[in-house]
Amino acid sequence: MSTIFKQYEGKIPQQLLDEVKENLPAKITDAKLKKILEEVQQEYDAAVVDSGECVGLVCAESIGEPGTQMTLNTFHFAGVSEMNVTTGLPRLIEILDARKTIKSPMMEVYLKEPYKHGEDIKKVAEKIKETKFEEYIKEVTIDVVESTMTVTLNTDRMDLVDIKIDRLMKVLSKSLKGFTLKKTGEDILEIKSNSKDEPLKEVYRLREKIRTIYINGVRGVTQVLPVKRGEEYMIATAGSNLKAVLKMDEVDTTRTVSNDLYEVEEVFGIEAVREQAIREVIKVLDAQGISIDIRHILLVADAMTMAGHVQGISRYGIVKDKPSVLARASFETPLRHIFNAAMIGERDPLNSVIENVMLNQPVPVGTGLPGLITKVKQ
Amino acid sequence: MAKSRSRKKEDELSVFDPSAHELVPKHEKLSDKEAKAFLEKYHATMKELPKIYINEPALRPLSVKAGDIIRITRKSRTAGETVFYRGVVDE
C-alpha cells in the first residue's frame, strides 16, 4: 500500500495524500486504492491554475472589491482605552505599500517559563516599557536661595522594577554635565549647579530636562499590556523594538513578533517577512469580517518578497522593477517614466500584458500566450 | 525610534540565530549537483529565481556564497507543505 502512495508523492500534495490515507476503509485492495488516487490526481490537476492564467489581475480584483467595504476608522484595543491600533483599510494599505514608518508599531512578546504562567507578569511588563526619570519622581522642589533642586523619589515605582537609588544616580550623572548630584536621604536627591554666573537659571532649565532622561526599559516601547491568550500570558506593546526585546532573558525568542515588516526583515529575514505579511493581512481582514481566498494573499506576499527585500505594491516597490517602460508608465507618474526612458534610450520588448493592451495587440495571457511553431518539411 | 535599517550594518544581534523562530521556515542549501538538476528541471537560470541576500539573518547558520540555491520548506496554508527556491545574491 505504501508503495502505491509513494508513486503519487510529488504528483499530489502531501496534505491530500494524508487525507486520503486517513479516510480509507480498513480493508482495501491495491487496485481500488490505485483507482482512488488516480481520481484524486485528476481532480487535483483540474484544480491547478492553468499556465497563462492572469492570477495577478484576479488577485487585484479579489482584494480590491472587499477592500471598498472596509471601515476607515481605527478602533480601540480590547479593554484598554489608551491603546490605539490601526486597522481596516489604512492598515491594509500600510502593509501592502510596505510603509517604512507605520502608524501603530506593536509587538507581541511571548514569555519563557515560568513567566508565561503569569508569574511576575507586571514586573516583566514594566521592565519592557521605556521609562523616563519623570516616572520615578514624586516631588521636585527648588531652593531659590541655595540654587539647589531636591527630588523626592517614588519608591513604590522603583520597587516595581527593582531599581535602586544608586543605579538611578549612576544613570542620571551621565546626563547631568555641570551639575553635582548628591544623595541626602533614603529617597531624596539633591542637585546643584556648578555654574558660577546663573546657577538658578540652570537649575530651572534642568527641571524640565530631567523628566525626559531615559532610565531603563526597551527604547521605543511606549505602552505595555499583559494579556492572557489561551492558557498563557503574553505582553502586547505599543512601540516596537524587536532587537532589544529579544535580548531579554524572560522573552521567548521563538515566537515574539513585531508588526513592523522592516524590523522583521532585519531580525528574521525575508521568509519571515512573507509569513508575517500574510498574517497581518489576514488579521485585518478577519477583524473586518471579510473573507478573501488565502491564495490571493499568498500571491501578494510572494510578489512583495521576490527581490530578496521587502517591496511594497507601489511605484517605489515592485513596479519599479518592471522591465517594460510602458508598464511602469501605466501605473503612476507616466510622464516621468517616459521622459527617463527616452533620455537613456530604453527598449521595450512588449513581453507583458499592459503594454500590449496599450498598443492594441493580443496580450500574452491564457490562449494568447503560446505561439505557433511549424515543422518545415525537408 | 532611532534604528538603523541598513542591511549591511553588523551589530550584536548578528549572532542571533532566527531559525528557531516560528516565522522562519527551514532553509537548506542545494548541493551543486542538486542545483544543476533543479535549474534543468524548471528550465530556469539563476537570474530568474526569487532572490535572497547573502547576509540574510536566516542564512547565518548555513555557509553560502552568491550563486547558491536555497531550498525553503514552508508550511503552506493550502497544501500542507510547499517547497520554494531562492537564489543567493550579494546585494
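The values are calculated or read from the model by the stated rules, or taken from the named source; none is laboratory data. The shown structure was predicted, so the numbers you read here are calculated from the model rather than taken from an experiment. Using ideal geometry, Cβ is built from the backbone for each residue, glycine included, and neighbour counts are taken over all protein chains shown.
So the check is Cβ under 7 Å with 6+ separation or different chains; which pairs have a first residue in region A:334-345 that's within 14 Å of A:Lys322 (Cα to Cα) and a second one that's surrounded by 13 or more Cβ atoms within 10 Å (Cβ to Cβ)?
Once the first residue is within 14 Å of A:Lys322 (Cα to Cα) and sits in region A:334-345, its partners that are surrounded by 13 or more Cβ atoms within 10 Å (Cβ to Cβ) give A:His337/A:Val325; A:His337/A:Arg328; A:His337/A:Ala329; A:Ile338/A:Val325; A:Ile338/A:Ala329; A:Ala341/A:Val325.
Is one or more of the residues making up region A:238-246 surrounded by 13 or more Cβ atoms within 10 Å (Cβ to Cβ) and among the basic types (Lys, Arg)?
Yes: region A:238-246 contains one or more residues that are surrounded by 13 or more Cβ atoms within 10 Å (Cβ to Cβ) and among the basic types (Lys, Arg).
Every residue, every condition in (1) among the hydroxyl-bearing types (Ser, Thr, Tyr); (2) surrounded by fewer than 11 Cβ atoms within 10 Å (Cβ to Cβ); (3) modelled with pLDDT of 90 or more, yes or no:
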site: B:Ser4; (1), (2), (3): yes, yes, no
site: B:Lys33; (1), (2), (3): no, yes, yes
site: B:Lys47; (1), (2), (3): no, yes, no
site: B:Ile52; (1), (2), (3): no, no, yes
site: B:Pro57; (1), (2), (3): no, no, no
site: B:Arg60; (1), (2), (3): no, no, no
site: B:Val64; (1), (2), (3): no, no, no
site: B:Ala79; (1), (2), (3): no, no, no
site: B:Val88; (1), (2), (3): no, no, yes
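Report yes if some residue within region A:215-223 is within 19 Å of the chain's Cα centre (by Cα), within 8 Å of another protein chain (Cβ to nearest Cβ) and not β-branched (Val, Ile, Thr); otherwise report no.
There is at least one residue in region A:215-223 that is within 19 Å of the chain's Cα centre (by Cα), within 8 Å of another protein chain (Cβ to nearest Cβ) and not β-branched (Val, Ile, Thr).
Could you run through region A:23-65 and say how many residues are in contact (Cβ under 8 Å) with a residue 60 or more places away in the chain, under 23 Å from A:Asp97 (Cβ atoms) and either of a type in the set (Asp, Glu) or assigned to a loop (DSSP other than H, G, I, E, B) (or both)?
Count: 1.
Is it fair to say A:Ala342 is surrounded by 16 or more Cβ atoms within 10 Å (Cβ to Cβ), among the hydrophobic types (A, V, I, L, M, F, W, C) and farther than 21 Å from A:Val49 by Cβ?
It is false that A:Ala342 is surrounded by 16 or more Cβ atoms within 10 Å (Cβ to Cβ), among the hydrophobic types (A, V, I, L, M, F, W, C) and farther than 21 Å from A:Val49 by Cβ.
Specify the residue that is farthest from the chain's Cα centre (by Cα); the eligible residues are those in region A:245-268 that are within 19 Å of B:Ala58 (Cα to Cα) and more than 9 Å from chain B (Cβ to nearest Cβ).
A:Asp252
Could you list, in sequence order, the residues of region A:1-22 that are away from chain B (no Cβ under 12 Å), assigned to a helix (DSSP H, G or I) and within 15 Å of A:Glu39 (Cα to Cα)?
A:Ile4, A:Phe5, A:Gln7, A:Tyr8, A:Val20, A:Lys21 - these are the residues of region A:1-22 that are away from chain B (no Cβ under 12 Å), assigned to a helix (DSSP H, G or I) and within 15 Å of A:Glu39 (Cα to Cα).
Matching residues to (1) assigned to a loop (DSSP other than H, G, I, E, B); (2) within 13 Å of chain B (Cβ to nearest Cβ); (3) farther than 27 Å from A:Thr86 by Cβ:
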site	(1), (2), (3)
A:His309	yes, yes, no
A:Arg315	yes, no, no
A:Val319	no, no, no
A:Arg336	no, no, yes
A:Asn340	no, no, yes
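With the condition kept exactly as written, say whether any residue in region A:198-209 is surrounded by fewer than 20 Cβ atoms within 10 Å (Cβ to Cβ), in a loop (DSSP other than H, G, I, E, B) and at pLDDT below 80.
Yes; the residues of region A:198-209 include at least one that is surrounded by fewer than 20 Cβ atoms within 10 Å (Cβ to Cβ), in a loop (DSSP other than H, G, I, E, B) and at pLDDT below 80.
Could you figure out which of (1) of a type in the set (Val, Ile, Thr); (2) surrounded by fewer than 22 Cβ atoms within 10 Å (Cβ to Cβ); (3) modelled with pLDDT of 90 or more; (4) under 26 Å from B:Glu56 (Cβ atoms) isn't true of A:Ile318?
The number of the failed condition is (3).
Please verify whether region A:69-81 includes one or more residues that are under 37 Å from the mean Cα position of the chain (by Cα) and at pLDDT 80 or above.
Yes.
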